[in-house]
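As C-alpha cells, the structure follows; a few thoughts come after it.
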Amino acid sequence: MNLNDYFNPVSLDPPETQFLPVEHTLAGQIRKHTPDQPIPEVKDYVLAIMGIPEDRNSENTGSAEGPDHIRKCLYQLSGTGKHIPVIDLGNIKPGKNPIDTYYAVREVSAYLIEAGICPILLGGTQDLTRGMYMAYRTLNLRPNLVTIDSRLDLPSETENTTPETYLEDVLFGENPALFHYTNLGHQVYHLSRQQLDRLRSNNYESIGIGQIRADMKETEPIFRDADIISLDISSVKQSDAPGYFSPSPNGFYSEEICQLAKYAGAGNRPRCFGVFETNPKFDINDQTSRLAAEIIWYYMDGFSGWREEFPRPSSKEFTKYMVNLSEPDHTLVFYKSIYSGRWWCEVPVISGDHREVKIIACSYEDYLKASNQEVPERWLRFYQKLN
C-alpha cells in the first residue's frame, strides 16, 4: 500500500509562542509527512498519527477542522519520558461521502495494525470509529471496543438509526464481529433505560461516571484488553472542554480524562486510539484542542512504558492463586505479574465434554471479592458471554 495516496501532507504555521526548544518537543521528534517529505516505509515506527477531517454525518459541524488544531497544540508539548518512534501521516483525504471516508480509515488502519503499528486518530466525528471496527473485520479479528462517552450512541426503541447512533451497526448489525464492548462515563440523564437494558442483555456494559470516579484504577483492566478505544471529547465537562456543539456542565475533569488515556496507552496489545468531536468553532482560545493534545500525550506516555505480558502456565513471571468458592462450587484461578503487579483470571469455556479456559484482565479487587466468597462481576459477565 502506498500511504501517500491516502493522505494530504501536514502543513502548519510555526506557533506564535514556543516555550520549549523545538528539539525537546514532539514537533522535533515526530516524523512528519510534509509537502517536501513523503511518507516513508512505516515499519520502523510504532505509533502513527492520522487526522480525519470528516464531519458530514454529524450535527457537530466544524469538527472537521479539529485535526489541525489538535496537531498544532500537540507539537508544542514535550517529548514523552521514553522516546518512541512516531510518524504523522497527515490528514486522510475525505471521500466523496462519509462512507468513502470510513473505507479509507478501514484500509489504512488494517494496514497499520497488520504491521504492528498503533493508529492514533484525530477527529473528526466519533462515527469514524466504524472505520476502525471495519479494519478488524477485514483482518478477521474479533476486537474489544471501549468508548469513553457521556451518552450511548444507540437509538431508543422509537428512533431510527441515524449517523449519531453509529454503534447500532457495530454492536447489533448483521454478523457483528465484536468480542466485547464497554462504555465508560455515561451520565444517566443522557440515556434511556431501554438503551442500557439492551446493552446489558447482550452482555455488553456501560459504567457510569460516578462509579468510575469512585475508583479510577478499576478501569485499567478494561483498557488492558481493549483493541479499539474511542474517546468523545463531550465526555469532559464544558468548563474543561467547551469546544463541542452541545456540551454538558457535568463530565470528567481534564485530569481524569488524561488518567484514562494513560491507562489506555499502557494496555496489553497493539490498538487503535481515537479522540473525536473537538470543534474549534465553539472552542475558547484552543482550550479543547489543547486538552485533546494532552490526552494524546498521556496516551503516548502510557504507551512508552508498555510491556507486553500475559500469564502462561510455564511462565515464572506470574504468581498463581486459586480461590475455592462454596456457592457456586467452583475454583477461580488468578495470576499476578511479579513485574507490574497486574492481575488476570481464568474463565472456563465449556462445550459438551470439551473444556478450555480464556484468560482475561482483572484487578486486585476482583481477587479480594473472590477471597470473600463473592463472584466478581467481571468474571461472571465473561462466563455468561463465553458459555
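Every read-out reported here was derived from the displayed coordinates using simple, explicitly stated rules and does not represent laboratory data. Not measured: the values here are computed from a predicted model. Because the Cβ atoms are built from the backbone with ideal geometry, glycine has one as well, and the counts that use them run over all protein chains shown.
Summary table below
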| item | result |
| --- | --- |
| Extension gain from SER351 to ASN2, taking 0.36 nm per residue of separation minus the Cα-Cα distance | 121.1 nm |
| Projected label distance in nm at PHE245 and ARG307, using a 7 Å step from Cα toward the beta-carbon | 4.6 nm |
| Top positive-direction residue, dipole computed over the stretch 245-369 with Cβ charges, set SER314, THR331, TYR298 | SER314 |
| Globularity index of the stretch 62-134, i.e. its alpha-carbon radius of gyration over 2.2 N^0.38 Å | 1.19 |
| Relative pair counts by distance (%), Cα atoms of the stretch 140-249, 5 Å bins | 2, 11, 21, 25, 21, 13, 6, 1, 0 |
| Binned Cα-Cα distances of the stretch 14-77, short to long, each 5 Å bin given as a whole percent | 4, 14, 20, 21, 19, 13, 8, 2 |
| Kirkwood-based Rg to Rh ratio, the stretch 81-175, C-alpha trace | 0.99 |
| Trypsin sites (Lys or Arg not before Pro) restricted to DSSP loop in the stretch 31-104 with at most 13 other C-beta within 10 Å | LYS82, LYS96 |
| For the stretch 9-157, alpha-carbon Rg relative to the globular expectation (2.2 N^0.38 Å, N residues) | 1.10 |
| The chain - Rg over Rh from alpha carbon coordinates, Kirkwood radius | 0.97 |
| Options ASN279, ILE30, GLY185, ranked by Cα towards positive dipole end of the chain, top entry (Cβ charges) | ILE30 |
| Whole-angstrom Cα spans of the stretch 286-352 along principal axes, big to small | 57, 28, 24 |
| For ILE148, residues with placed amide H under 5 Å, excluding near neighbours | LEU184, SER230, LEU231, ASP232 |
| Percent of Cα pairs exceeding the 24 Å cut-off, where the set is the stretch 212-314 | 26 percent |
| Helix-only [θ]222 nm of the chain, DSSP H runs n ≥ 4, -39500 (n - 2.57) each, per residue, nearest 500 | -8500 deg cm²/dmol |
| Within the chain, longest stretch free of exposed GluC sites (Glu not before Pro) [DSSP loop, at most 10 other beta carbons within 10 Å] | 175-307 |
| Reference-scaled alpha-carbon Rg (2.2 N^0.38 Å with N residues) for the stretch 318-386 | 1.08 |
| Per-pair calculated FRET efficiency, R0 = 30 Å: ASN203 and ASN97 via Cβ, rounded to 0.05 | 0.30 |
| Relative contact order computed over the stretch 3-304 (Cα-Cα under 8 Å; 6+ residues apart), in percent | 21 percent |
| Amide hydrogen neighbours beyond the local backbone of ILE49, cut-off 5 Å, H modeled | ILE87, ASP88, LEU89, ILE120 |
